[in-house]
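**Student:** Sharing a structure below in structure tokens format, with a few things to ask.
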Amino acid sequence: MKKFFSIGETARRANVTTETLRHYDRIGLVRPCKVDPWTKYRYYSEAELVRLDAVRALRCMDLSLQEIGELLSCNDFQQIIGQLRRAQENVQAKIVELTRIRESIGRARSFYEEKIQQEEPQGIALRTFPQKALLLSDTLTEPTVENLWSYQRHFYAQVGSRKAEYAFEDVAGVLEEDGTSRMFAVCTRRPEDAAVHILPEGQYLCVRCTQAQHRATVNMLKKYARETFSVSPDCILSIVVLTGILQWDYEIRIPVPAGRE
């Protein structure tokens with residue numbers, strides 16, 4: 001015996017609202033299998049629940065209701081394959097974007113969790129870093145909300161058709177050298193002939209600062225390097241440290257000779 005569900009029960013099972021079901025009925029996307037002639041109540045069967053599940057899946061792929069209706073009623077297999085391929089590409093792009101957003105939110109949460117535990121601001125530290133290969137931007141000179149929001153996308157666009165040969169750390173920063181500033185991406189994979197800036201392994205003076213304190217902190221750290229290590233730094237790294245969705249601090253790094261504490 002066929003089982004029927006009221007519009008309320010159908011909405012609950014399909015995880016939609018009753019108004020959504022009425023709208024689907026009006027546009028012919030998912031119609032009830034029967035309507036009581038006296039009460040006008042709508043009733044749905046398992047078949048409609050399956051169709052609603054398909055609609056929900058296709059909506060997650062960013063297809064419009066019109067496109068979904070055409071797809072569900074289409075008998076042309078080549079057309080169906082083409083639409084599903086495009087839908088799959090949309091889903092993959094959305095996964096990449098959501099993953100990036102999730103990582104940004106995670107960094108912001110970690111920062112605030114650490115902030116709660118810190119009673120004193122961080123001072124100057126001497127740290128050792130491995131060799132890194134920096135791909136310098138052709139156009140970006142300082143971080144902004146806009147370029148940080150799609151940071152890696154900028155560098156993949158810069159390498160063009162060879163983007164499959166590159167991979168980058170989830171790090172943004174600025175390299176100051178020879179009186180110029182250029183933003184960079186840290187390569188984790190690159191072709192052998194890539195035009196990159198190599199930072200050698202070694203010791204770096206490091207200190208954290210806010211955006212507002214950036215220039216004063218750079219000057220302070222350069223002075224400290226001269227007085228303590230007797231060197232005039234030839235390059236300065238300003239690593240972007242996200243502190244919120246649209247906010248960041250800097251970690252300033254200056255290379256100094258090894259063997260000094």
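Read-outs throughout are calculated quantities, based only on the coordinates presented, and are distinct from any laboratory measurement. Not measured: the values here are computed from a predicted model. Cβ placement follows ideal geometry from the backbone for every residue including glycine, while neighbour counts extend to all protein chains displayed.
**Student:** If we count every other residue with Cβ under 10 angstrom of Tyr156's Cβ, Lys/Arg +1 and Asp/Glu -1, where does the sum land?
**Tutor:** +3
**Student:** Also: Apply the Karplus parameterisation 6.51 cos²θ - 1.76 cosθ + 1.60, with θ equal to phi minus 60°, to every residue of the stretch 193-202 and state each ³J(HN,Hα) to the nearest whole Hz, in sequence, with x for glycine and proline.
**Tutor:** Those phi angles translate into 8, 5, 7, 10, 9, 8, 9, x, 4, x Hz.
**Student:** Would you mind getting me the FRET efficiency between Gln78 and Ile27? Use the beta-carbon distance for r and R0 = 22 Å, nearest 0.05.
**Tutor:** With R0 = 22 Å, the Cβ-Cβ based efficiency is 0.30.
**Student:** Output ³J(HN,Hα) for the stretch 170-187: one whole-Hz value per residue in order, computed from phi by the Karplus curve 6.51 cos²θ - 1.76 cosθ + 1.60 with θ = phi - 60°, and x for Gly and Pro.
**Tutor:** For the stretch 170-187, the Karplus-derived couplings read 7, 9, 10, x, 10, 9, 9, 7, 6, x, 10, 10, 9, 6, 9, 10, 8, 7 Hz, x marking Gly and Pro.
**Student:** Same structure again: Any idea what the relative contact order of the stretch 122-256 is, in percent, if you count C-alpha pairs under 8 Å spaced at least 6 apart?
**Tutor:** Contact order relative to length: 30 percent.
**Student:** Restricting to DSSP H runs of at least four residues, report the calculated mean residue ellipticity at 222 nm for the chain, -39500 (n - 2.57) per run over all residues, nearest 500 deg cm²/dmol.
**Tutor:** Helices in the chain give a 222 nm mean residue ellipticity of -14000 deg cm²/dmol.
**Student:** Further question: What spacing in nm lies between the two simple spin-label points modelled at Glu97 and Ala167, each 7 Å away from Cα in the Cβ direction?
**Tutor:** In this crude label model, Glu97 to Ala167 measures out at 2.4 nm.
**Student:** Return, ordered by residue number, the residues of the stretch 87-112 whose backbone nitrogen is under 11 Å from a label point located 7 Å along Cα→Cβ of Arg153.
**Tutor:** Once the point is set 7 Å along Cα→Cβ of Arg153, 94, 97-98 turn out to lie under 11 Å by backbone N, inside the stretch 87-112.
**Student:** Taking the Cα centre of each part, how many Å lie between the stretch 224-246 and the stretch 2-74?
**Tutor:** 60
**Student:** Within the stretch 40-60, whose backbone N sits under 20 Å from a point 7 Å along Cα→Cβ of Arg12?
**Tutor:** Within reach of a label on Arg12: 41-53.
**Student:** Would you pull out the residues with amide H under 5 Å of Val30's amide H, same chain only if 5 or more places away, H placed 1.01 Å from N?
**Tutor:** Asp25
**Student:** Moving on to the next point. Give a residue-ordered list of calculated ³J(HN,Hα) values for the stretch 234-242 (Karplus: 6.51 cos²θ - 1.76 cosθ + 1.60, θ = phi - 60°; whole Hz; x for Gly, Pro).
**Tutor:** 8, 8, 10, 9, 10, 7, 6, 10, 5
**Student:** Continuing with this model, one more query. Per the Kirkwood definition applied to all pairs of different Cα atoms, how many angstroms is the hydrodynamic radius of the chain?
**Tutor:** 23.2
**Student:** State to the nearest 20 debye the size of the charge dipole of the stretch 122-256 about its Cα centre, where the only charges are +1 on K and R beta carbons and -1 on D and E beta carbons.
**Tutor:** In total the dipole reaches around 220 debye.
**Student:** What is the Cα convex hull volume of the stretch 129-241 when expressed per residue in Å³?
**Tutor:** It comes to 111 Å³ per residue, whole-number rounded.
**Student:** Based on the Cβ-Cβ distance from Asn90 to Arg215, what FRET efficiency comes out when R0 is 41 Å, to the nearest 0.05?
**Tutor:** 0.40
**Student:** For Tyr224 and Asp178 in one chain, what is 0.36 nm times their gap in residues minus the Cα-Cα distance, to one decimal in nm?
**Tutor:** That pair, Tyr224 and Asp178, stretches by 14.6 nm at full extension.
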